[in-house]
Amino acid sequence: MGAAILTKSGNIFSGCNVENASYGATVCAERVATWKALSSGDRSSIVGVYVIVNAKYSWPPCGLCRQVLVEFAHPKAKVFCEGTSKRMVTYDLAALMPKAFKPKALE
């Protein structure tokens with residue numbers, strides 16, 4: 001699985017799943033791409049997420065990735081998912097994570 005994020009500043013950061021024998025230590029492609037953007041100093045909002053899977057049909061990001069994305073994404077960010085069928089499905093991140101827990105809740 002691979003992912004790329006587009007930031008508001010126009011930069012693209014890619015990531016892939018990093019698997020581990022201890023599944024809890026595995027990191028999804030969407031989070032790897034997000035960490036790359038942040039560690040590179042790009043703190044502008046994520047405006048697009050592209051997820052590609054080596055399966056016929058794609059699926060949206062997992063719950064952990066959705067949580068990370070809503071914390072660093074623009075409120076109107078889009079998620080584009082595609083598998084080997086070449087059928088792209090587009091989601092609004094806000095619709096994938098309604099009533100999201102955001103940093104404001106910690107204030």
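Laboratory data are not the source of any read-out in this text; all were calculated from the coordinates shown. None of the values given here were measured: they were computed from a predicted structure. Every residue, glycine as well, gets a Cβ built from its backbone with ideal geometry; the counts of neighbours run over all protein chains shown.
Evaluate the charge dipole of region 50-107 about its Cα centre and quote only its size in Debye, nearest 20, assuming +1 on the Cβ of each Lys and Arg and -1 on the Cβ of each Asp and Glu.
On the way: 9 positive and 4 negative charges, 34 e Å.
I would put it at about 160 debye.
How many nm separate the modelled label positions at Ser44 and Glu19, each set 7 Å beyond the Cα in the direction of the Cβ?
If labels sit at Ser44 and Glu19, their model points lie 3.5 nm apart.
Cα to Cα, under 20 Å, and not fewer than 8 places away if on the same chain: which lysines meet these conditions relative to Lys76?
By straight Cα distance, Lys76 reaches Lys8, Lys99, Lys102, Lys104.
So what are the ³J(HN,Hα) numbers for region 9-26, from phi and the Karplus equation (6.51, -1.76, 1.60; θ = phi - 60°), rounded to whole Hz, Gly and Pro as x?
For region 9-26, the Karplus-derived couplings read 7, x, 7, 10, 10, 10, x, 9, 4, 10, 7, 8, 4, 8, 3, x, 8, 5 Hz, x marking Gly and Pro.
More than 22 angstrom separation, counting every C-alpha pair in the chain; what % is that?
Value for the chain: 28 percent of Cα pairs lie more than 22 Å apart.
At q = 0.24, 0.25 Å⁻¹, what log₁₀ I(q)/I(0) does a Debye calculation on the Cα points of region 52-107 give, no solvent, two decimals?
Treating every Cα as an identical point scatterer, log10 I(q)/I(0) equals -0.92, -0.97.
So if I place +1 on the C-beta of Lys and Arg and -1 on the C-beta of Asp and Glu, and nothing else carries charge, what would the dipole magnitude of region 2-106 be about its Cα centre? I want it in debye, nearest 20. Write out the running numbers ahead of the final one.
Working: 13 positive and 6 negative charges, 59 e Å.
Taking the Cα centre of region 2-106 as origin, the dipole is about 280 debye.
If each residue's Cβ is checked for other Cβ atoms within 10 Å, how do Arg31, Arg87 rank with the fewest at the top?
Placing the least packed residue first, the sequence is Arg87, Arg31.
Ranked highest first by the average count of other Cβ atoms within 10 Å around their residues, in what order do 50-60, 72-82 fall?
Highest to lowest by the protection proxy: 72-82, 50-60.
Which one, Tyr57, Gly41, Phe101, is farthest towards the positive end of the dipole of region 2-106 when Lys and Arg carry +1 and Asp and Glu -1 on their Cβ?
Result: Phe101, furthest along the dipole toward the positive end.
Based on the Cβ-Cβ distance from Thr26 to Glu71, what FRET efficiency comes out when R0 is 22 Å, to the nearest 0.05?
E between Thr26 and Glu71, to the nearest 0.05, is 0.65.
How big, on average over all directions, is the shadow cast by the Cα convex hull of region 27-83, in nm²?
Seen from a random direction, the Cα hull of region 27-83 projects 3.8 nm² on average.
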